[in-house]
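Structure record follows, encoded as structure tokens.
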Amino acid sequence: MSQEASSSLNPLVSFLKKSPREFTKADIINFIEANGIEMVNFRYPASDGRLKTLNFVITDRDYLEQILSSGERVDGSNIFPQFINTGSSDLYVVPRFRTAFVDPFSEIPAICFLCSFYDKDGKPASISPEHVLKKAHAAFTEVTGMTFEAMGELEFYVIGDKDDLFLAEDQRGYHESGPFTKFERFRTDCMLAIARAGGHIKYGHSEVGNFTLGDKIYEQNEIEFMVTDVEQAADELVIAKWIIRNMAYLYGLDVTFAPKITNGKAGSGLHIHTRIMKDGLNQYVKDGRLSDTAKTAIAGFMTCASSLTAFGNTNPTSYLRLVPHQEAPTSICWGDRNRSVLVRVPLGWTHGTDMVADANPLERPVEMDLSQKQTVEFRCPDGSADVYLLLAGLVTAARHGFEMKDALDVANRTYVDVNIHHKEHRDKLMSLDQLPASCYESAAELEAHREIFERYAVFEPSMIDAVANRLRSFDDRNIREEINNDPEKAAQLVRRFLHCG
């Protein structure tokens, strides 16, 4: 039995005593019959980023076998309206057994699966974002001989009735504790439900954003995940967002993952940490230092950064967050522990000191290799992202780094070790390329880089066209000037995209 199976909070893992990757149809049926499960729920992300649902009542074992063996039909034109027309729209949805989890919200005992999409010929649907991510990862491994891992930092605002007791200071909510934070219990309940659904959570905490508006309090929170296989990382994020929203509904709260909800207050991002592995070892570190492999991947991120916004910053409110001189990045550069950069290399435990033994004199120092903890963080995406396409884009960008002849030169040229927003470093700032300032600009950058994304048939040309057309449809090329002239326009955009992603 694996360590995961012996200690997991996921009831299926504990019952079956095996990793989710080993789940079979027979395992699922065994669990359903032994635990009185009465319903099966298929869940699958649509182009709006939210999970859609099919509910099945388990009338008998034969019907259960049928559901799990053949999947079901859905109308693809309603799920992916920008990719599929109504003339030929049917898709199959087929459950992935490794994603199974017990529904934490259903009064009727129910089990849920994330599903994959298949076309009329029984082939993986080329327009499915989940399949695009799978292709991107396969191409990365084919080119590099390595695998790509990731995790997300999921930021969101919890909105509830104002409580005048123990008010936190405006924009000073970072890692605040109760009673100054009002929604810690809500956050921890979400974390436990996500873990029981198979999510690998690193930690949760309150974030900087904290303010009151009228009779409501807005409190920013973050749940950060563990680094895992990039495809699993995407699954965990979409399930987590679904759980957080459902938990908020039970609590009588509202929740938003929107990138910006009011001017002058902290926006919410979806920072993605990445790691490249080979033979079980983190390739981002060599001899206790950031490796050339890491710098090569970073060069790919630098080269593709402007076009990655097409997948990670997908509505006009994204560009209310990505403005100069605030914590969200706008310049295409990278650095160590530097929060003014687009790609950040955070602390990685590469110093070799046993800090626990130093803090606890009764502990004997132990020699440990903690290089597995080193990640590289991509900081511009937000909650509007299509998680699967965003991660597919990041994997593709990293792969492109290994295909570039001048990758290390690009990495050296875009490295900064200062806060570029301080006026004494203006010359460095002016030498750097900038991220798009609107969806309209993002679409142009995607089209300029489309050959990189279409290589190895990872992204279909029709998908690139559809994403670019949707971005242009917002007609926001002058969005910053427009909201400066008409502040109500920003409020209208926030209301429109409050529940994006």
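Bear in mind these aren't lab numbers, they're just calculated from the coordinates by the rules spelled out. Keep in mind it's a predicted model, so treat the numbers as computed, not measured. So basically every Cβ, Gly included, is an ideal-geometry build from the backbone, and we count neighbours across all protein chains shown.
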**Item:** Net charge of Cβ neighbours under 15 Å - reference Gly264; Lys, Arg +1; Asp, Glu -1
**Value:** +2
**Simple spin-label estimate for Val323 and Ser70 in nanometres, 7 Å along Cα-Cβ** = 5.6
**Fill in**
Cα-based Rg then Dmax for region 3-125, in Å, read 15.3, 50
**Complete:** Spelling it out for Gly269: with amide H atoms placed in the peptide plane at 1.01 Å from N, the residues 5 or more places away or on another chain with amide H under 5 Å from its amide H are Glu155
**Candidate aspartates and glutamates for bridging to Lys120, where Cα separation is under 20 Å - those fewer than 8 sequence places away on the same chain excluded** = Glu72, Asp75, Asp90, Glu130, Glu460
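Eigenvalues of the Cα gyration tensor times 5, then square-rooted: what semi-axes does that give for region 62-111, in whole angstrom, largest first? If you can, show how the numbers build up before the last one.
Numbers: eigenvalues 139, 43, 19 Å².
The three semi-axes for region 62-111 are 26, 15, 10 Å.
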**Message:** Under 5 Å between amide hydrogens, which residues at least 5 positions from Asp103 or on another chain qualify, with H placed 1.01 Å from N in the peptide plane?
**Reply:** Ala110, Ile111, Cys112
**Asked** Once phi is turned into θ = phi - 60°, what whole-Hz ³J(HN,Hα) does the Karplus curve with 6.51, -1.76 and 1.60 give for every residue of region 98-103, x standing for Gly and Pro?
**Response** 5, 9, 4, 8, 6, 5
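Restricting things to alpha carbons, find the Rg to Rh ratio for region 223-320 using the Kirkwood radius for Rh. It would help to have the intermediate numbers written out before the result.
On the way: Rg = 17.1 Å, Rh = 16.4 Å.
That ratio is 1.04, to two decimals.
What does the charge count near Arg364 come to, summing +1 for each Lys or Arg and -1 for each Asp or Glu among other residues with Cβ under 14 Å from its Cβ? Before the final figure, lay out the partial values.
Working: positive: none; negative: Asp354, Asp358, Glu363, Glu367.
In short, -4.
What net charge do the residues around Glu219 carry, taking every other residue with its C-beta under 14 Å from that of Glu219, with Lys and Arg at +1 and Asp and Glu at -1? Please list the in-between numbers first.
Values: positive: Lys162, Arg172, Lys182, Arg185, Arg187, Lys216, Lys265; negative: Glu155, Asp161, Asp163, Glu169, Asp170, Glu176, Glu184, Glu207, Glu222, Asp254.
Neighbourhood net charge equals -3.
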**Request:** Under 1.5 on a/c is rounded, so check that first for the chain, then, if it is not, pick prolate when a/b is larger than b/c and oblate when it is not; a ≥ b ≥ c are the square roots of the alpha carbon gyration tensor eigenvalues.
**Result:** rounded
